[in-house]
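Structure record follows, encoded as structure tokens.
The values are calculated or read from the model by the stated rules, or taken from the named source; none is laboratory data. All values derive from a computational prediction rather than experimental measurement. Heads up, the Cβs are rebuilt from the backbone with ideal geometry, glycines too, and the neighbour counts pull from every protein chain shown.
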DNA sequence: CCTCAGGCCGTAAACGTTTTCGGCGCGCTG
DNA sequence: CAGCGCGCCGAAAACGTTTACGGCCTGAGG
């Protein structure tokens with residue numbers, strides 16, 4: 001409410017001096033500085049961010065978009081978790097976060113880059129976005145950090161899990177444990193991690209020289225309801241997979257329900273493994289075997305690389321982190337021993353299925 | 001990047017005319033307007049929000065704070081859900097959302113109202129905040145809407161569930177069904193809905209002339225882990241409640257796990273009821289009986305009242321909605337029939353417990 | 001032909017800062 | 001005593017808009 005001008009008038013100095021005092025410039029005497037600070041304090045002065053931005057072209061604001069989709073947006077626990085970490089980390093550098101609401105209505109004539117420029121954010125966070133067309137964002141010429149997928153360009157960093165590798169290793173491990181019949185529930189393929197995990201799945205299957213049954217790889221949004229529906233369809237078929245791998249813990253939790261309702265047991269009849277290791281993974285029954293993403297680390301690193309780009313605007317050394325994951329085996333998967341795997345033999349009941357996919361066909 | 005001045009120079013008019021054309025003012029001829037619009041288009045012009053804000057003192061931004069606590073912040077599904085709705089609704093009015101990061105560090109010397117004024121948001125959304133001291137926010141003199149708790153003041157609206165009533169009705173209903181031994185897991189009492197629900201619980205117990213066993217009312221943050229720990233402690237005791245009422249579905253899901261691990265069955269041995277009706281309620285086993293909050297409606301209404309306050313700044317008729325809830329009975333609670341309630345008799349094993357609470361002692 | 005209304009547009013102030021440039025006055029050195 | 005440096009501060013421009021005010025010009029009515 002009160003301005004720098006009012007302070008100046010009251011102290012009897014010029015606005016320039018007030019500004020200098022407030023910003024800890026050296027060339028103002030100790031006594032006038034203290035007088036100014038006292039008056040500013042008692043007038044409850046706070047600078048106007050818009051005015052500051054206008055002249056310094058710095059907003060101390062980083063923008064973020066969310067997908068409106070339930071499975072990929074704010075409502076997914078993974079997103080909420082790393083976002084919380086990111087917020088705390090970037091907050092301690094003095095930044096706030098501008099959440100660009102999605103405009104579905106023809107209210108505004110602005111596109112996405114226009115809105116970025118309009119608000120003149122100092123940086124941009126990309127997370128959980130299936131919207132595609134993110135390349136156009138690079139034309140906005142603002143530092144960008146992407147979580148969970150990598151885009152390259154000028155002043156663009158990223159931090160992701162090694163999704164492909166994680167999934168590939170998972171099927172190797174599972175194969176070693178005797179699993180042969182795999183189902184896979186992938187997420188929306190427009191979102192990069194979903195695609196990478198699917199590719200990892202195919203790669204793993206190929207490496208083990210195993211056959212992918214196309215009717216067992218199905219789409220399920222990163223959502224419990226979708227996971228439920230998809231596995232319900234799968235286990236209604238003539239044959240059943242031994243394990244259902246899911247691209248998200250949410251999907252896996254839905255799968256658990258479908259299996260349970262069918263009167264089957266996890267992991268005795270069907271195993272389930274998820275992805276992310278969300279908080280709920282240890283709460284459901286049976287506890288989810290899952291591949292853990294380092295969520296805290298991802299949030300922290302993202303804040304770090306974005307901050308470094310924002311504070312050193314000209315330097316062009318973006319960082320790209322791809323972090324290792326960790327397989328957390330819990331109860332939804334059978335243990336190492338193979339004695340109760342007797343049903344699985346070398347004779348694959350669907351081995352000659354003509355639709356069988358190899359990895360390179362994808 | 002390009003400014004109004006450049007457009008003016010290129011078209012050969014003054015900046016005032018450009019501004020008028022861009023803002024659809026009537027007093028500019030059709031031909032100059034179309035010329036201006038065309039040039040603006042091809043120069044990829046977008047106005048600078050800071051400059052606009054400086055002169056109009058309107059930012060088209062609503063601020064929101066989140067609790068850093070896991071149970072009450074962004075990571076709670078309830079918060080994420082209504083926030084998503086709110087965002088979409090307020091977004092269609094042209095607003096974006098400024099997420100004030102919490103500064104735990106001594107980085108900035110600004111308090112909370114200072115930061116609000118600094119950013120000069122047009123409105124404020126309060127949700128899931130246990131931070132107390134929200135009264136001071138009213139001194140910021142900005143329209144405020146609170147979700148899930150009611151604060152009163154000038155230009156302050158609110159939308160909440162009828163928490164007290166909901167919980168009271170719940171124990172009445174449960175009592176009618178034969179339940180006698182109640183446990184209650186309240187949330188952090190600093191957050192209003194937790195307190196209201198607790199009061200409703202006591203009121204219901206009092207109305208039914210039932211005894212509250214103090215060792216069965218325990219604190220649990222709105223989190224699964226806390227619900228697990230709290231019920232684990234409760235069922236380890238010498239006696240066991242028949243039903244555990246939880247102030248949140250998260251807590252209830254944790255309770256489910258603790259009961260399961262103790263080798264007990266839900267609802268045969270112990271019933272569980274939650275609050276919120278989050279997405280996971282129908283995914284866990286057994287499906288949660290819970291009292292549903294009208295999340296979509298809450299998000300929509302909050303956006304509505306905030307928008308009306310922001311667009312009619314002077315009018316002083318804040319709206320306070322308190323919405324009815326709905327009891328959704330599913331599997332975690334026994335059905336109407338009382339034949340299997342034989343264990344519950346008029347003789348209360350703890351009836352003479354000296355620590356027994358009445359409602360008015362709280 | 002004169003006047004007046006009204007459509008269209010330009011000038012300039014204003015919003016609240018930051019920052020450059022320069023100036024005053026003091027003390028020190030030669 | 002002259003000159004110089006330096007600490008401290010003010011004047012003013014600049015950032016990109018909006019908007020009040022006033023002026024010109026055209027056309028219509030008397």
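Answer yes or no: is there a residue in segment B:38-46 that is within 7 Å of chain A (Cβ to nearest Cβ) and at pLDDT below 95. Yes, because at least one residue in segment B:38-46 is within 7 Å of chain A (Cβ to nearest Cβ) and at pLDDT below 95. On inspection, residue A:64 qualifies as facing chain B (nearest Cβ under 10 Å) and within 30 Å of residue B:77 (Cα to Cα). When residues in segment B:229-240 are screened for being surrounded by fewer than 22 Cβ atoms within 10 Å (Cβ to Cβ) and touching a helix residue (DSSP H, G or I) at 6+ places or on another chain (Cβ under 6 Å), 1 of them pass.
For the residues B:29, B:67, the requirement of being over 23 Å from residue A:117 (Cβ atoms), modelled with pLDDT under 95 and not assigned by TED's automatic domain parsing to the domain that holds residue B:127 singles out B:29. Yes or no: segment B:2-18 includes at least one residue that is in contact (Cβ under 8 Å) with a residue 60 or more places away in the chain and within 10 Å of DNA strand D (Cβ to nearest atom). Among the residues of segment B:2-18, not one is in contact (Cβ under 8 Å) with a residue 60 or more places away in the chain and within 10 Å of DNA strand D (Cβ to nearest atom), which makes the answer no. Among residues that are outside the structural domain of residue A:143 (by TED's automatic domain parsing), within 13 Å of DNA strand D (Cβ to nearest atom), within 23 Å of residue B:94 (Cα to Cα) and free of Cβ contacts under 8 Å to residues at least 24 places away in the same chain, residue A:54 is included.
Being within 12 Å of DNA strand C (Cβ to nearest atom), outside any helix (DSSP H, G or I) and either within 31 Å of the chain's Cα centre (by Cα) or more than 12 Å from every other protein chain (Cβ to nearest Cβ) (or both): is that true of residue A:26 here?
The answer is yes for residue A:26.
Considering segment A:32-47, the residues that are within 15 Å of residue A:8 (Cβ to Cβ) and within 9 Å of DNA strand C (Cβ to nearest atom) include one that is surrounded by the fewest Cβ atoms within 10 Å (Cβ to Cβ), namely A:47.
Going through (1) in a helix (DSSP H, G or I); (2) facing chain A (nearest Cβ under 9 Å) one by one, residue B:78 falls short only on (2). Evaluating residue A:99 against the criteria (1) more than 7 Å from every other protein chain (Cβ to nearest Cβ); (2) under 20 Å from residue B:88 (Cβ atoms) leaves one unmet condition, (1). Counting residues in segment A:289-299 that are within 19 Å of the chain's Cα centre (by Cα), surrounded by fewer than 21 Cβ atoms within 10 Å (Cβ to Cβ) and part of a loop (DSSP other than H, G, I, E, B) gives one or more.
Answer yes or no: is there a residue in segment B:30-41 that is within 13 Å of DNA strand D (Cβ to nearest atom) and closer than 30 Å to residue A:76 by Cβ. No, segment B:30-41 has no match at all.
Output the number of residues of segment A:51-65 satisfying the condition of being out of contact with any strand residue (DSSP E or B) (no Cβ under 6 Å at 6 or more places or on another chain) and surrounded by 22 or more Cβ atoms within 10 Å (Cβ to Cβ). Within segment A:51-65, residues that are out of contact with any strand residue (DSSP E or B) (no Cβ under 6 Å at 6 or more places or on another chain) and surrounded by 22 or more Cβ atoms within 10 Å (Cβ to Cβ) number 2.
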